[in-house]
């Protein structure tokens, strides 16, 4: 038994050591969104995807630099390690949030699952109240995001306003719907008219994806 545990531990250490040195963030393909959404143009999506690719590239670039950074000199005022590691959080969240955003877009007409709709009605009083709260969260974002999430602390669905990629993110939440409110998400189509963009986004929500995320968040299959 002890020998088996020892061999397992050695294997885990070997895997972690070798996978960390070969770590590479893989770009996901969202080309199917081109010219398929209502109120969000092909050019808007094309430019947006290019920006997403840059975040993926930066993750891989920073990951290489982080491995070479001198850890002995790390400190909270300024150090090479702190600068790179802090930048990694921005790049990582930038890529992941964009993937969640693109993934919950679709030209199909979908509706929340009965399970999700029941939860929305319970926590917000009605679907209309939920959308109103989501819209208010979106309007409140500066350069940032509105996130509908399952709060694992209190068991409720809540909408959160996040600035940048890494400010005001509560611990213990599982995002089920992500709305990009950076200007690059809508300026080509709507200029500074953020409100019309939010309306267009709601028309293109893939509730099948959002419902699956909710089921996963609460521990479903």
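When residue 135 is tested against (1) closer than 21 Å to residue 62 by Cβ; (2) in contact with a helix residue (DSSP H, G or I) (Cβ under 8 Å, 6 or more places away or on another chain); (3) part of a helix (DSSP H, G or I), exactly one condition is not met: (1).
Among residues that are surrounded by 14 or more Cβ atoms within 10 Å (Cβ to Cβ), modelled with pLDDT of 95 or more and not in a loop (DSSP other than H, G, I, E, B), residue 94 is included. Scanning region 32-47 for residues that are touching a helix residue (DSSP H, G or I) at 6+ places or on another chain (Cβ under 6 Å) and modelled with pLDDT under 95 turns up at least one hit.
Just one of 140, 106, 86, 126 is under 19 Å from the mean Cα position of the chain (by Cα), without any contact (Cβ under 8 Å) to a residue 40 or more places away in the chain and closer than 19 Å to residue 199 by Cβ; which is it? Residue meeting the stated conditions: 140.
Note on region 109-123: among residues that are within 23 Å of the chain's Cα centre (by Cα) and more than 22 Å from residue 160 (Cβ to Cβ), the one that is surrounded by the most Cβ atoms within 10 Å (Cβ to Cβ) is 110.
When residue 73 is tested against the conditions (1) surrounded by 12 or more Cβ atoms within 10 Å (Cβ to Cβ); (2) in a loop (DSSP other than H, G, I, E, B), the lone failure is (1).
Restricting attention to region 166-202, the residues that are modelled with pLDDT of 95 or more, touching a strand residue (DSSP E or B) at 6+ places or on another chain (Cβ under 9 Å) and either buried (at least 18 other Cβ atoms within 10 Å of the Cβ) or not in a helix (DSSP H, G or I) (or both) add up to 15.
If you go through region 203-213 and pick out every residue that is assigned to a helix (DSSP H, G or I) and either under 19 Å from the mean Cα position of the chain (by Cα) or closer than 18 Å to residue 97 by Cβ (or both), you end up with 7. Counting residues in region 97-107 that are outside any helix (DSSP H, G or I), touching a helix residue (DSSP H, G or I) at 6+ places or on another chain (Cβ under 9 Å) and either farther than 30 Å from residue 24 by Cα or at pLDDT below 95 (or both) gives one or more. Selection over region 138-165 of residues that are surrounded by 14 or more Cβ atoms within 10 Å (Cβ to Cβ), touching a helix residue (DSSP H, G or I) at 6+ places or on another chain (Cβ under 7 Å) and over 26 Å from residue 41 (Cα atoms) gives a count of 4.
May I ask you to verify whether residue 81 is closer than 18 Å to residue 162 by Cβ and part of a helix (DSSP H, G or I)? In short, no.
The values are calculated or read from the model by the stated rules, or taken from the named source; none is laboratory data. From a predicted model like this one, the values you see are computed outputs, not experimental measurements. Here the Cβ is made from the backbone with ideal geometry for all residues, glycine too, and neighbour counts use every protein chain on show.
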